[in-house]
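The values are calculated or read from the model by the stated rules, or taken from the named source; none is laboratory data. This is a predicted model, so every value here is computed, not measured. Cβ sites come from the backbone with ideal geometry, for glycine too, and all protein chains shown count toward neighbours.
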Amino acid sequence: MADDAMVTIPAGSLRALERKVESFKTLVEISTIISSTLDLEELMSLVMEKAKGVMGAEACSILFYNRDMQKLEFEVAVCEEGDASNILKKKVLLDIGQGIAGWVAEHLEPLVIEDVKKDPRFFQGADKMTGFETKGLIAVPLIGRRGLIGVAEMVNPGRFDFDMEIFRLLCRQFAIAIENSFAHKESLERERLRQELDIAAALQRSFLPESPTFSLGDLSVSAVNISAAKVGGDIYDFVTPAEGKLGVLIGDVSGKGVSAALYMAKASSDFRYISSRAESPGAVLDGLNAALSRYPRGMFLTALYLIADSAKGEALIACAGHPPCIRITAEEVRVLSVASGPPLGIVPASYETTSITLGRGERLILLTDGVFDAKDRSGGRLGFEQVVEFIRRHRDEEDIVRMIVDRVSDFSEGTEWADDLTVVEVRRR
Amino acid sequence: MKIDIQEHKGVKVFALSGEIDMASSPALRSELMALVGRKAPVVFVDFKDVSYIDSSGIATFVEGLKAMMPYGGRLKLLGVPAKIMEIFNFSKLDKVFEIYGNVEDAFKG
């Protein structure tokens with residue numbers, strides 16, 4: 001029986017089998033390396049080193065496919081002598097279809113070339129730059145989940161009798177590992193940006209008054225400010241420019257995001273400085289206009305500034321392209337018409353000051369366009385007149401500021417808020 | 001937004017259509033600022049087919065205007081639809097920009 005079970009394997013088949021086992025061993029080893037790191041540089045050097053060793057190659061390189069340029073560019077090169085990596089990195093660009101790598105990228109098929117001199121597709125540029133002599137090479141496309149990532153090349157391999165299927169499998173795994181490390185890098189970058197935005201948002205909040213309410217004599221103010229994004233471009237401030245005087249600023253920076261937030265911060269600090277020195281609201285806006293004109297990129301600020309006397313109720317108002325304020329008296333609710341100049345920071349201008357007297361129990365509502373430009377689900381806008389009408393209907397309500405914000409919130413339910421929103425109430429008891 | 005740059009009697013005319021907002025204004029900015037960088041003496045912007053403009057869109061024209069002022073260049077807006085004109089009036093931007101009804105008026109102005 002035992003004799004019957006003896007099988008004789010021809011020496012050639014045995015060697016092939018041994019090579020297969022060897023190849024599988026390499027596959028497992030490289031798989032382990034691939035899953036050991038998400039660092040792209042480390043991953044590439046480890047895999048290239050290993051592959052170079054297994055194939056007995058003199059050098060190997062990876063070219064990444066740049067989707068924007070639609071070209072291949074050298075990313076890493078490992079060779080025995082010197083550091084060709086730095087010579088080639090990002091400097092040699094190949095069109096799709098150009099050279100061996102370009103051919104592989106175009107056809108998404110590997111190429112095995114024992115003598116490049118006999119192959120007209122071979123591109124000599126890289127050798128000329130590095131002084132390296134390419135004799136033969138194996139080039140394989142690196143194809144990830146989203147398509148071509150690049151091309152890997154083994155230069156002057158010691159052997160050509162390898163299992164192409166296993167090699168392709170390996171390259172596929174390698175491609176996915178590269179994709180994973182790209183994704184990891186992106187997520188780290190996103191996290192870093194998120195943290196920076198958190199810091200920017202906290203810094204920006206510090207430019208707004210510590211408390212959203214403030215009182216001086218018979219005058220009181222309260223504000224609600226909501227940013228559509230983490231950082232916003234709306235501004236409001238309460239100051240006491242002189243004894244018994246309450247200054248209230250509301251403004252809206254053009255644009256959104258970090259640039260608008262930085263501009264808001266500059267406007268806020270300039271306002272604090274200028275408002276402590278200039279007497280009338282018009283003069284404050286004149287000064288702020290000049291200070292903001294130096295800011296780049298066409299950014300501007302619409303603003304309304306009022307200074308009210310806490311004893312007499314006299315209010316001086318100046319406006320720079322900002323939506324008018326709404327006056328609530330015992331008899332009526334109406335839009336307060338005041339002289340207005342262009343937004344701040346655009347052209348030299350002189351801002352007029354308008355004077356009114358706030359009677360006891362009267363209120364002024366200041367707002368930014370985020371209130372009336374709010375969109376509903378069908379894209380319709382709330383509208384300034386509708387806001388005035390809403391205030392008219394709720395003129396006796398104590399917390400009108402909160403009610404306006406709730407109205408905007410109801411109106412834009414189911415949509416993402418596109419703009420910052422600020423409502424400030426100035427009231428004389 | 002679509003930008004179509006035409007030439008009318010030697011003056012570059014930006015014929016815009018669609019929405020000028022955060023997303024589309026960078027493309028407009030690079031075209032406009034390239035022209036202003038070459039010190040174009042006059043630039044027309046045709047608003048006839050513009051459906052919406054936000055403050056970042058307006059900021060693009062403000063930037064162009066501010067860059068043209070030092071060399072005496074003129075930025076003229078024309079064919080501004082009523083809805084957009086409302087925004088310009090409301091925010092007193094009509095005091096900032098030269099606004100004309102059509103190309104002929106802009107040439108005369």
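Just a few scattered comments:
- For A:R429: the one exception among (1) free of Cβ contacts under 8 Å to residues at least 60 places away in the same chain; (2) surrounded by fewer than 16 Cβ atoms within 10 Å (Cβ to Cβ); (3) over 37 Å from the mean Cα position of the chain (by Cα): (1)
- Residue that is farthest from the other protein chains (Cβ to nearest Cβ) [pool: residues in region B:48-64 that are touching a strand residue (DSSP E or B) at 6+ places or on another chain (Cβ under 6 Å) and more than 25 Å from A:T368 (Cα to Cα)]: B:D49
- Candidates A:E362, A:E352, A:E331, A:E314 - the one that is more than 14 Å from A:L301 (Cα to Cα) and without any contact (Cβ under 8 Å) to a residue 24 or more places away in the chain: A:E331
- Residues in region A:312-340 that are among the polar types (S, T, N, Q) and either within 12 Å of chain B (Cβ to nearest Cβ) or touching a Ser or Thr at 6+ places or on another chain (Cβ under 7 Å) (or both): A:S340 alone.
- Of residues in region A:236-257 being in contact with a Gly (Cβ under 6 Å, 6 or more places away or on another chain) and part of a strand (DSSP E or B), the one nearest to the other protein chains (Cβ to nearest Cβ): A:V253
- Of the residues making up region B:86-107, one or more are more than 23 Å from A:S340 (Cβ to Cβ), away from chain A (no Cβ under 12 Å), among the aliphatic types (A, V, I, L, M) and in contact with a His (Cβ under 8 Å, 6 or more places away or on another chain).
- Boolean, B:F44 is away from every other protein chain (no Cβ under 14 Å), among the hydrophobic types (A, V, I, L, M, F, W, C) and closer than 12 Å to B:F97 by Cα: yes
- Within region A:26-48, the set of residues being in a helix (DSSP H, G or I) and more than 20 Å from A:F74 (Cα to Cα) comprises A:T26, A:L27, A:V28, A:E29, A:I30, A:S31, A:T32, A:I33, A:I34.
- Where strands (runs of 3 or more DSSP E) fall wholly inside region A:111-167, the ranges with 3 or more residues that are under 41 Å from the mean Cα position of the chain (by Cα), in the same structural domain as A:N180 (by TED's automatic domain parsing) and in contact (Cβ under 8 Å) with a residue 60 or more places away in the chain are A:147-155.
- Tally of residues being farther than 20 Å from A:Q124 by Cβ, buried (at least 19 other Cβ atoms within 10 Å of the Cβ) and at pLDDT 85 or above across region A:65-103: 1
- Residue-level check: of (1) crowded, with 21+ Cβ neighbours inside 10 Å; (2) away from every other protein chain (no Cβ under 14 Å); (3) not in a helix (DSSP H, G or I), B:K12 misses just (1).
- Residue match in region A:214-228 (condition: among the acidic types (D, E) and free of Cβ contacts under 8 Å to residues at least 24 places away in the same chain): no
- Selected residue (criterion: farthest from A:A318 (Cα to Cα)) from residues of region B:74-83 that are within 14 Å of chain A (Cβ to nearest Cβ) and surrounded by fewer than 21 Cβ atoms within 10 Å (Cβ to Cβ): B:R74
- Options B:G73, B:G57, B:G64: the member that is under 25 Å from A:N289 (Cβ atoms) and in contact with a Pro (Cβ under 7 Å, 6 or more places away or on another chain): B:G73
- Per-region count, region A:283-300, residues crowded, with 17+ Cβ neighbours inside 10 Å, within 14 Å of chain B (Cβ to nearest Cβ) and part of a helix (DSSP H, G or I): 3
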